[in-house]
1. Just a yes or no: is a residue in segment 41-51 closer than 30 Å to residue 302 by Cβ, modelled with pLDDT of 65 or more and not assigned by TED's automatic domain parsing to the domain that holds residue 139?
2. Report whether or not residue 257 is more than 24 Å from the chain's Cα centre (by Cα), surrounded by 21 or more Cβ atoms within 10 Å (Cβ to Cβ), in a helix (DSSP H, G or I) and in the same structural domain as residue 197 (by TED's automatic domain parsing).
3. When residue 176 is evaluated against the numbered criteria (1) buried (at least 22 other Cβ atoms within 10 Å of the Cβ); (2) in a strand (DSSP E or B), which criterion, by number, is the only one it fails?
4. Would you point out the residue of segment 205-222, among those that are in a loop (DSSP other than H, G, I, E, B) and touching a residue at least 24 places away in the same chain (Cβ under 8 Å), that is surrounded by the most Cβ atoms within 10 Å (Cβ to Cβ)?
5. Is it the case that residue 272 is modelled with pLDDT under 95, in a loop (DSSP other than H, G, I, E, B), loosely packed, with under 15 Cβ neighbours inside 10 Å and in contact with a helix residue (DSSP H, G or I) (Cβ under 7 Å, 6 or more places away or on another chain)?
6. Considering every residue within segment 92-104, establish whether at least one is buried (at least 22 other Cβ atoms within 10 Å of the Cβ), closer than 22 Å to residue 201 by Cβ, at pLDDT 90 or above and more than 26 Å from the chain's Cα centre (by Cα).
7. Take the residues in segment 153-162 that are modelled with pLDDT of 85 or more and in a loop (DSSP other than H, G, I, E, B), then tell me which one is surrounded by the most Cβ atoms within 10 Å (Cβ to Cβ).
8. When the residues of segment 275-311 are filtered to those that are surrounded by fewer than 21 Cβ atoms within 10 Å (Cβ to Cβ) and touching a strand residue (DSSP E or B) at 6+ places or on another chain (Cβ under 6 Å), which remaining residue is nearest to residue 97 (Cα to Cα)?
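The values are calculated or read from the model by the stated rules, or taken from the named source; none is laboratory data. As the structure is a prediction and not an experimental result, all values here were calculated from the model. A quick note on method: Cβ atoms are made from the backbone with ideal geometry, for glycine too, and the neighbour counts reach across all protein chains shown.
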């Protein structure tokens, strides 16, 4: 029974007013609730934006630090590469009986290959090439240290003091490798290296060498097949397990001697095939009549063509001597 049925027509509008008031009340409650939710959402959103902004600033600062560190590391590597490069021959020695040429391609800015040519006295040239295991800074540090020990002016390995004139004697190649083997044990440096050391008497044409498990130098003859110089011993760093031997050979005008590191023969093509010792020997022999500089250039080009100009996986070094 509603108000009209009770017979109070003057109260007819009361229900409508009451319903309107209730609806206004519900709307007010809903508004307050939604406003609170809206305010809460705004606060949460502002907090998220603030944290995101702070994270972005922190990330940007971290990136700046990383870039600065990377830039510093790159500068250090460039400086190290400059030091290593300074240890290589800056120009070919002026000896009328000999012509020299070389190619040096580290696979990184610094590497584990190094070589040098230096005059020992008025009749003799010293020459070495070595390849330290691994790549990068650790290997380069060993190459720098070894090259300093083999320096004819400051190092004491290639010459021995004596009382009688000329107050020194030349250390034989096998003795040089033996001394290096004692000074650079693998357990101390966590590195080993292969090497060849030669003494060339350019007056008589005699070459004495010793090979510490390095790829055998290739001796090219004007009228015959190549000869490999294999006499020596094991890798440097093994602690004298096998004594180093040496050999003396006679070089004549027209001969060319090629030393190289295994990055040359272990270069691969897209099929995974190695350039290899045999192909290197055949390439050198096929172009042996070229001057020594052109011979090395042609051989390096053949290796790169074989690998279809793929990036080098190891340091590549070639050192050539022509006897004129």
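1. Just the residues of segment 41-51 that are closer than 30 Å to residue 302 by Cβ, to begin with: none.
No, segment 41-51 contains no residue that is closer than 30 Å to residue 302 by Cβ, modelled with pLDDT of 65 or more and not assigned by TED's automatic domain parsing to the domain that holds residue 139.
2. On the way: more than 24 Å from the chain's Cα centre (by Cα): yes; surrounded by 21 or more Cβ atoms within 10 Å (Cβ to Cβ): yes; in a helix (DSSP H, G or I): no; in the same structural domain as residue 197 (by TED's automatic domain parsing): yes.
The answer is no for residue 257.
3. Of (1) buried (at least 22 other Cβ atoms within 10 Å of the Cβ); (2) in a strand (DSSP E or B), only one is false for residue 176: (2).
4. Within segment 205-222, the first condition is being in a loop (DSSP other than H, G, I, E, B), and the residues that meet it are 205, 214-217, 222.
Still in the list and also touching a residue at least 24 places away in the same chain (Cβ under 8 Å): 205, 214-215, 217, 222.
Working: 205: 15, 214: 26, 215: 22, 217: 24, 222: 11.
Out of the qualifying residues, it is 214.
5. Numbers: modelled with pLDDT under 95: yes; in a loop (DSSP other than H, G, I, E, B): yes; loosely packed, with under 15 Cβ neighbours inside 10 Å: yes; in contact with a helix residue (DSSP H, G or I) (Cβ under 7 Å, 6 or more places away or on another chain): no.
The answer is no for residue 272.
6. Going through segment 92-104, the residues buried (at least 22 other Cβ atoms within 10 Å of the Cβ) turn out to be none.
No, that holds for no residue.
7. Keep residues of segment 153-162 that are modelled with pLDDT of 85 or more, which gives 157-161.
Next, only the ones that are in a loop (DSSP other than H, G, I, E, B) stay: 157-158.
Details: 157: 20, 158: 25.
Within segment 153-162, the match that is surrounded by the most Cβ atoms within 10 Å (Cβ to Cβ) is 158.
8. Once the filter is applied, the top-ranked residue is 293.
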